[in-house]
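The values are calculated or read from the model by the stated rules, or taken from the named source; none is laboratory data. Please read all numbers here as calculations on a predicted model, not as lab measurements. Counting neighbours? That spans all protein chains shown, and the Cβs are built from the backbone with ideal geometry, glycine included. These accessible areas exclude ligands, DNA and RNA; they are computed on the full protein's heavy atoms, side chains included. Shrake-Rupley method; radii C 1.70, N 1.55, O 1.52, S 1.80 Å.
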Amino acid sequence: MWFIVDDQMADDRRIRRLPLATVGLWVKLCVIHSKGVSMQAKDPAAYPGHFDKLDLKDAGGTMKQLQQLIDSGLMEEHDGGWRPVYAEGICKEPRTLTEEQREARRKAGSKGGRRKAANQKAKQPSSNLLANSQANGEQNSSETGSETSSNLLEDSQAKTWHKTDTYTDIPSPTPPAGKPKQTATPDVYAAIAEAYPGSAGAKGRKTDLEARGLVSAIAENPAQLARLQSAVRRYRRAVNDGQVPRRQIPRLNTWLRDQWETWAPEPITPTRQHKHTWNCEHVHQLMDSHEDEYDHTGSLREGKPSKWYLACQACADELNNQQETSKEKQ
């Protein structure tokens, strides 16, 4: 059973004069009543043919709203309760189908289903005929025994063999190779999208694909990825604290494109590794106590450095080697 609302309902004078909540209550009560009448057709004791105060309360309505519907002629008292009045121009009175009508609908639905299946089978590519024919052969042999699967195999092969020069199935066309789009690692993007307080857009849509591409580009640099993760946490905290109104939250792709770096911590500039020289403070700390042990006579310009210079330079080289070894171990 169907409860059908007329497409002219919104223009009806009675509906226009009622509050929207009362109109919604009327629609809900009509649906409840129609369902009850449908159940009553199968079991007369399932529904008394009207609804009472408890049903009204369960539907979220009040007696004031019900009285508004009665005054508008959309409800009437019946057998100690109430039932809808199906007014012309607002809705159509539901009808209970007879057993003959139900049977006719079932047959029509079954016939339509068989026709749809036949159309889908006709549209199947020839490469699928072999598998389908084998499956049908097994089913038909078990039901009727009149046709074996081997016959169906031969029939299906005959359908495909005449389309090629050799006795092989028609190969499936290979899609043209293209450069795959670089996307972020699923778990990385999923974590960002889950932590973001706004919407990421429907999966597979333009906004979602753009957001994935942006996260992928950022994630190529681990330091930038760490900044992005921190930015998302900061932004989420600002939204939860009310610093950013929820109505101003952009889609994830827009935020990644225009805003995320303003919420990220400042990038840490890597300190330049110190290179020890013969005259640096670290060498002097080690060599100054031995300065008197070396001759200072010599000239770098003439290519004859002093023994003191050579000793300090050797110390610097040793410190640099130790520094490189320590870095490799890390």
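Observations
- Within the same chain, aspartates and glutamates fewer than 8 places from residue 275 are excluded, and of the rest, those with a Cα less than 15 Å from its Cα are 317, 318, 324.
- Long-range amide H partners of residue 91 with built H, under 5 Å: 6
- For segment 16-90 versus segment 210-262, the gap between their alpha-carbon centres in whole angstrom: 51 Å
- Cross-link pairs exceeding 32 Å in C-alpha to C-alpha distance, out of 53/92; 307/327; 28/203; 92/206, comprise 28/203; 92/206.
- For residue 82, distant residues with modelled amide H under 5 Å away: 51
- Heavy-atom surface of segment 191-330, accessible at 1.4 Å and reported per residue (Å²): 71 Å²
- Annotation for segment 271-316: GluC sites (Glu not before Pro) lying in DSSP loop with at most 16 further Cβ atoms inside 10 Å of their Cβ are 302.
- Global form of segment 1-91, assessed from the alpha-carbon gyration tensor, a/c cut-off 1.5: oblate
- Here the Karplus curve 6.51 cos²θ - 1.76 cosθ + 1.60, taken at θ = phi - 60°, turns the phi angles of segment 21-35 into couplings of 5, 5, 5, x, 4, 4, 4, 5, 5, 5, 5, 4, 5, 4, 5 Hz, with x standing for Gly and Pro.
- Segment 1-75: chymotrypsin sites (Phe, Trp or Tyr not before Pro) falling in loop per DSSP and having at most 10 other Cβ within 10 Å: 2
- The fraction of accessible area contributed by carbon and sulfur in segment 1-50 is 58 percent, rounded to a whole number (1.4 Å probe; ligands and nucleic acids excluded).
- Most to least accessible of 22, 207 (protein chains only, probe 1.4 Å): 207, 22
- Accessible-area ranking of 276, 282, largest first, probe 1.4 Å: 282, 276
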